[in-house]
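Colleague: Handing you this structure, nothing more for now.
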Amino acid sequence: MRYGYDSGCSRPSGGSPGEDAVFDVAGALGLTLEEIEEPGGCPGSGLTMNAIPAFARVGRLLALAARQLSAREDSAVPPAVVTPCSSCYLNLRRTIHALATHADLRERVAEELSATGLSLPPGSVRVRHLLDVLYEDAGPGAIRQRVTRPLTGLRAAPYYGCLATAADPPEPEREEPPRPGRLEEILSALGAEIVDLPLKAHCCGGRAAEASEEVATSLQHRILRSAADRGADVIATVCPRCRHNLGTGQDAVNRRFRTDFALPVRTFTDLMAEAFGTDGVRS
C-alpha cells in the first residue's frame, strides 16, 4: 500500500532523528511511504488557521499530494497523506473540512492554487496520522510477527498529547483520529510493559516551547513527574514534536524545578524499529 508522506513539524534542518525508522518499519510491514515532492511548508506552523494565506499554504501541500499520488495510483479510493506530527495532522484535517464547508474560502484558496497550476477538488485526498496507518493497515498482529528483539522488561508510558483530545469536524467530512488504546496495543505487541500515564492526553507545550520557557516547563514537568513516579523506563510518543519537547526540555525543567529527570523519550516508531531489529537505513 502506498501513501504520501509529509514529515511536517518533524522536519528540522538536517532531517529528523528517527525519520529513517519511520520508513524502515513501514517497509517491514509492506507499506510504502512516498515523500511529497516540493513540500508546501509545515502545516503545523500556522497557529491560527483563519487567514487565506494559511489555508492556501496548507492547501498547496494537499494539492501537491493529490496530484503526485493520483498519477501513481489507479484506485477509486482517494489517496492519503500521512504525517507523524499531531499538529500537522490536525491542521491538514481542519483545512480539508474548512474548504469542504465554506464556499467563499474554497473559491479564494482555489484562486491562490490556480496561480501555480494546482487544484484541490473536494474529496481528492485524505489525511491520516501515522499511528492510524500502522494500526489499521498493518495491525498489532502483523507488528508482533515482525518483532525479532522483543522489548521485554521495558516499562513504556504511552503518550498521545493533543492527538487524543482534538475536536473532530462533524460528519461526513471527518477522518477518524487515532483512538486511545492503539498506542498501548502496538507497544504491547513489541513486548513492552505498559505503564499507565494519567497525563497521556495533556499538552507537551507544543510551540509554546519556542515562545515561553515558563509555560513549556510547567507543562512538561507535570508529565515527566507523572511518568517518573510510576516507574516508566521510557515515554513513548506518537509525535516527533512531543518527543522533542519532552526530551530536550528536561534540562530546562531540571533547572527550574531543581529536579534530575533523565527519562528517555522516543517515538513509537523508534521503538518499533528497535524491536524489528532494523538498522536505521531506509530500504
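Bear in mind that the values in this text are calculations on the coordinates, not laboratory data. None of these values were measured; they are calculated from a predicted model. A quick note on method: Cβ atoms are made from the backbone with ideal geometry, for glycine too, and the neighbour counts reach across all protein chains shown.
Colleague: Grab the beta carbon distance between R144 and S119, set R0 = 51 Å, and tell me the FRET efficiency rounded to 0.05.
Modeller: Details: r = 42 Å, r/R0 = 0.83.
So, using R0 = 51 Å, E works out to roughly 0.75.
Colleague: Continuing with this model, one more query. Which cross-chain or sequence-distant (5 or more) residues have an amide H under 5 Å from the amide H of A80, H modelled 1.01 Å from N in plane?
Modeller: HN-HN under 5 Å from A80: G4, R126.
Colleague: Output ³J(HN,Hα) for the stretch 134-148: one whole-Hz value per residue in order, computed from phi by the Karplus curve 6.51 cos²θ - 1.76 cosθ + 1.60 with θ = phi - 60°, and x for Gly and Pro.
Modeller: Each residue of the stretch 134-148 in turn: 5, 7, 7, 8, 10, x, x, x, 5, 5, 4, 5, 8, 6, 10 Hz.
Colleague: According to the square roots a ≥ b ≥ c of the eigenvalues of the Cα gyration tensor, what is the shape class of the stretch 147-276, taking rounded for a/c under 1.5, prolate for a/b larger than b/c otherwise, and oblate for the remainder? If you can, show how the numbers build up before the last one.
Modeller: Details: a/c = 2.03, a/b = 1.09, b/c = 1.87.
Oblate.
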